[in-house]
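Notes follow the structure.
Bear in mind that the values in this text are calculations on the coordinates, not laboratory data. Only a predicted model underlies this, so the values are computations on that prediction, with no experimental measurement involved. Note: ideal-geometry Cβ built from the backbone for every residue, glycine included; neighbour counts use all protein chains shown.
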Amino acid sequence: MTEDRADSEKGNRKSANDLWTDVELRSAVDAYIYSLSLQIAGIKYPIGQMTITLLAGPLSKRNAASIRYRMRNISHVMRERGWPELAAYSPASQVGSGVRARIEKILDERQRAGLLALDSDTESFARTTPEADTIEEIRDLALSKVQDLMEELDRLTVDHARIGHNQPPEPIDDYLLTDIDVREASKNAGDLKLELDVKNPEKDTITRKRNLLLAFGLKLASWIGARATGFSDAILKTLAVGVAAKATGLLPLLYEAIGAVSRFLEKLP
């Protein structure tokens, strides 16, 4: 039984015999790359959060088991190329030649766009941050990084950034990154900053807000990947970090903020 024969669920879930569409494969690969970027940057977060986000958006017709096996297929392709892989997904070699070729094509596109880290150098994904040892220093660092993220999100909001359906190439179904997403991310970052700044912050609240920003990051990464696919190779070769990431600086700031907040969470009782 191959990866395209995963058990289906009730309701509007796709049949076990339904092949993965190009949209679904792009979403899976982009989610994998996003999570791999976090892993390479040393950012710890629940890998299940990625599955939850995918099930709520671009892979809503699939189920958790199907997504998990697809990620293992991607790990297999990554390992065969000698590329880094997600530790949470052991390679699964049973992937059809047609699906494999489509995964390879998407990975090549993302590599050309500068969206895929191929070694331990995390400079493209998170800037060097100052050392912080005490919980007070770690809190201050998290507050600083969240503030940086808020300022960039607010700048996009003030400038009325049009990063939704009116920009080429065509959108990924209804899984769009819009002005509303940016405003919600800004609000979540603001709420997170307020909670970090109180004397006795609530761990659950910080975790929830961080996870919302993680979900926003996955949506942003998927949007960047879709746009990268629509550009010519000549243009892609001139970009160091990625099409939208270089234009807005959002992904690096997001990685930094999530990393600093995650480190603070580890210190909380």
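Note on Arg81 and Lys187: the extension gain reaches 34.1 nm, defined as 0.36 nm multiplied by sequence separation minus the Cα-Cα distance. Could you tell me whether the stretch 3-112 comes out rounded, prolate or oblate from its Cα gyration tensor? Rule is a ≥ b ≥ c as square roots of the eigenvalues, rounded for a/c under 1.5, then prolate if a/b exceeds b/c, otherwise oblate. Cα axes put the stretch 3-112 in the oblate bin.
Computed from the Cβ-Cβ distance with R0 of 25 Å, the FRET efficiency linking Lys199 to Asp133 stands at 0.75. Here the Karplus relation 6.51 cos²θ - 1.76 cosθ + 1.60, evaluated at θ = phi - 60°, turns the backbone of the stretch 200-211 into coupling constants of 10, x, 8, 4, 5, 5, 4, 4, 4, 5, 4, 5 Hz, with x for every Gly and Pro. Using a simple spin-label model with pseudo-atoms 7 Å out from Cα toward Cβ, Ile180 and Ala101 lie 3.9 nm apart. For the stretch 3-112, a crude dipole built from +1 on the beta carbon of Lys and Arg and -1 on the beta carbon of Asp and Glu, taken about the Cα centre, is about 120 debye to the nearest 20.
For Gln94 and Gln147 in the same chain, what is the full-extension length gain: residue separation times 0.36 nm, less their Cα-Cα distance, in nm?
Value of the extension gain: 14.6 nm.
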